[in-house]
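Comments concern the structure below.
The values are calculated or read from the model by the stated rules, or taken from the named source; none is laboratory data. Everything numeric here is computed off the predicted structure, so don't read it as measured data. Reconstructed Cβ throughout: ideal geometry from the backbone, glycine too, with neighbour counts over all protein chains shown.
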Amino acid sequence: MPSTHPLIDPRIFELLRRQENTTFTVKDLRNQYAERHSIEAQYRAHLRRFIYERISRLIRVGMVQKDTEKRKRDQRYQVIHLDAQGLDLTGEPFESWCQRLVIDKEKTKTKSPACPSPHSEHAPISRPSGASAKLRKNLKEVKVEFLAALGEAEKFKALIHEYPELKEVIQGDSKAAHDLSSRLLGHINAIEKVLQRVETGP
């Protein structure tokens, strides 16, 4: 059966885990996402929509809420409680979403690409037989490892809160689990980039 948990790009989840994003605007996340994943300025209107839709999903499950001060522009949001177990963190990255939902509608209106092309800055690559399937299997395995590390990091954080007297005992393991989840997210990003080039390259 399909998951009933909200589908979220793990890149966005990782941004929301950062201390400086306890309160944020969609513009804040858009700029951070664009900087970390090399999204050019011409695509940022689409990126803002992509992030807004996913923040809306988090609001519906009570993990994020709007700030009590309502604003017409740059509305602020607050992270209430992020629970990886209550989310499906296998959501597609912005580049895939944009290519799938936006470019088909806009490519006939303009000669400029509507979305970032995952292979536009690289030479064409050959696609060995079975490479796509192997990459998808690898991606699935790394995502499982990422979720496990993420769950471990969250549990250590909860234990520190519950047993503050054990903070010095737990803190090293907590940091190690957090660092591992961050590295695995980097692995996910790398595999996704290669997979996009393999599947959409010329």
Worksheet item: Can you find even one residue in the stretch 155-170 that is outside any loop (DSSP other than H, G, I, E, B) and aromatic (F, W, Y)?
Response: yes
Practice prompt. Kindly provide the set of residues from the stretch 153-166 that are under 22 Å from the mean Cα position of the chain (by Cα) and surrounded by fewer than 18 Cβ atoms within 10 Å (Cβ to Cβ), ordered by number.
Written response: K155, K157
Practice prompt. Output the qualifying pairs, or none if there are none: Cβ atoms under 7 angstrom, residues six or more apart or on different chains, first residue in the stretch 39-68 and within 28 Å of Q85 (Cβ to Cβ), second residue among the acidic types (D, E).
Written response: R54/D9; M63/D83
Discussion item. Tally up the residues in the stretch 67-105 that are exposed (fewer than 10 other Cβ atoms within 10 Å of the Cβ) and β-branched (V, I, T), please.
Written reply: 1
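Every residue in the stretch 117-136 that is at pLDDT 70 or above, on the phi < 0 side of the Ramachandran plot and either surrounded by 17 or more Cβ atoms within 10 Å (Cβ to Cβ) or not polar (S, T, N, Q) (or both), please.
Result: A131, A133, K134, L135, R136.
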Worksheet entry | Cβ-Cβ under 7 Å pairs, at least 6 apart or on other chains, the stretch 82-96 side outside the structural domain of R30 (by TED's automatic domain parsing) and at positive phi, far side surrounded by fewer than 18 Cβ atoms within 10 Å (Cβ to Cβ) and in a loop (DSSP other than H, G, I, E, B) | none
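Across the stretch 179-195, which residue is surrounded by the most Cβ atoms within 10 Å (Cβ to Cβ) among those that are in contact with an Asp or Glu (Cβ under 9 Å, 6 or more places away or on another chain) and under 17 Å from R36 (Cβ atoms)?
Residue satisfying both the conditions and the ranking: S181.
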Discussion item. Condition first: within 22 Å of I191 (Cβ to Cβ) and crowded, with 17+ Cβ neighbours inside 10 Å. Now tell me which residues in the stretch 38-50 satisfy that.
Written reply: I39, Y43, L47, F50
Worksheet entry | Where a residue in the stretch 162-179 is within 20 Å of E14 (Cα to Cα) and its partner, wherever it lies, is β-branched (V, I, T) and part of a helix (DSSP H, G or I), with Cβ under 9 Å and at least six apart | Q171/I160; S174/I160
